[in-house]
Every structure is written in structure tokens, then in C-alpha cells.
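Participant: Next up is a structure, given as C-alpha cells.
The values are calculated or read from the model by the stated rules, or taken from the named source; none is laboratory data. A quick note: this is a predicted structure, and the numbers were derived from the prediction, not measured. Backbone-built Cβ (ideal geometry, glycine too); neighbour counts: all protein chains shown.
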Amino acid sequence: MIRILTLISLLITGSAAQASCPEFLDHSMRKLHSKEQINLCEVQSGKPMLIINTASHCGFTPQFKGLEALYQNYRDQGLQVVGFASDDFYQEANDEEKAAEVCYVNYGVTFTMIAPSHVKGSNANPVFRELADQSQSPSWNFNKYLLDSSGKVVQHFGSNTRPDSEDLKAAIESVL
């Protein structure tokens, strides 16, 4: 009986979290170099998120290391980190396998990485269209958008803001 009640509770809680998820996150997107589709509402699940537009051949690419460190430092407190590979600034590998190698092998990324898509302009994916509406479009790779648990942009950080920035850490801690 206890198991049944626990399962019912999990189903209700999961449904409530999905129901409260903002529409712009309620999309299935393919993970980087994978056939697996994920729904960002399941990733977010009522937790704060840091969303970044990334590229594998950019001067800011070493930020992957710091972003992974942020994720490792704050994930147990609920922070979700999601990277969106994009070639909108002509810095992404032409081969998705190479982009995945940069992320996963070279920098040890374990946070969610989304397959390449557009992050600016009229072709931007729905997530980045909403981020632009709430804040601003990325002007280059490695823009960081901090969302609270309801999916509202709390703060935007440009490419020059390093993942170990005290301002970024303080903003993250304010939403945890």
C-alpha cells in the first residue's frame, strides 16, 4: 500500500511540475550527438536553469570547463545547466561528432547539451526566441541566461562573463 501511495504521489508531483513548466521549455529536442530526445520541462522540473549558447571552435570554448564546475558545484542544490550548440556565429564544428568530442572528451561536460540549432534571429529555436523576448538575443557564443524555477530570466550574462565570475555565482545562489 505504501508503494502505491508513493507512486501516486510521484505521478501527481511530476504532473504538477510539468503543468507549471513554461510553454517555451515544453519542447522535445535532440541531445548532442544522440538520437535521444529530451523535453526541457523534464530537465527543468521546477528548478532554476542556466542556459548557454555554445560553439566548439570559439575563443570562449574553454568556458565549458568552468560551466561544468558550476554544474558540479550547484547541481545538488537544484541548478540545471543546458548548453545549446549553435553555428549562428560560424564557430561550431561541421561534424556533430567533433562537437560532442570537444564537449564530452576535451572538457568533461556532463550537463545536458542540445544538438545544434539556431539561437538568434527569426530561425531561433523556441527557447532562444523566448530568452530574447525576456532579455536579449545572444550577440556571440557563450551567452548565459539564468532562469528562476518558474522559467523567468533573472539575469543575462554576456560571453565575457566567465563561469567563475562572482556576479554569476551570486546570481545563481539567489535562485537556489
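Participant: For region 106-143, which positions are within 15 Å of residue 25 (Cα to Cα) and surrounded by fewer than 17 Cβ atoms within 10 Å (Cβ to Cβ)?
Facilitator: 126, 133, 134 - these are the residues of region 106-143 that are within 15 Å of residue 25 (Cα to Cα) and surrounded by fewer than 17 Cβ atoms within 10 Å (Cβ to Cβ).
Participant: Counting only residues that are more than 21 Å from residue 127 (Cα to Cα) and charged (D, E, K, R), which one in region 151-176 is surrounded by the fewest Cβ atoms within 10 Å (Cβ to Cβ)?
Facilitator: 166
Participant: Within the set of pairs 6+ apart or on separate chains, which have a first residue in region 83-102 that is in contact (Cβ under 8 Å) with a residue 24 or more places away in the chain, a second that is outside any strand (DSSP E or B) and surrounded by fewer than 17 Cβ atoms within 10 Å (Cβ to Cβ), and C-beta atoms under 8 Å apart?
Facilitator: Between residues of region 83-102 that are in contact (Cβ under 8 Å) with a residue 24 or more places away in the chain and residues that are outside any strand (DSSP E or B) and surrounded by fewer than 17 Cβ atoms within 10 Å (Cβ to Cβ), the close pairs are 86/118; 88/118; 88/121; 91/57; 92/57; 93/57; 102/57.
Participant: Out of the residues in region 58-98 meeting the condition of being farther than 18 Å from residue 144 by Cβ, at pLDDT below 95 and out of contact with any Pro (no Cβ under 7 Å at 6 or more places or on another chain), tell me which one is surrounded by the most Cβ atoms within 10 Å (Cβ to Cβ).
Facilitator: 93
Participant: Right, something else. Pull out all pairs, ordered by first then second residue, where Cβ-Cβ is under 8 Å, the residues are six or more apart or on different chains, the first lies in region 136-165 and is closer than 14 Å to residue 53 by Cβ, and the second is in a loop (DSSP other than H, G, I, E, B) and of a type in the set (Lys, Arg).
Facilitator: Pairs found: 137/120; 138/120.
Participant: Now for a separate question. Name every residue in region 79-101 that is in a helix (DSSP H, G or I), under 19 Å from the mean Cα position of the chain (by Cα) and not acidic (Asp, Glu), in order of residue number.
Facilitator: The answer is 99, 100.
Participant: For region 48-77, what are the residues that are out of contact with any helix residue (DSSP H, G or I) (no Cβ under 9 Å at 6 or more places or on another chain) and outside any helix (DSSP H, G or I)?
Facilitator: 58, 59, 60, 62, listed by residue number.
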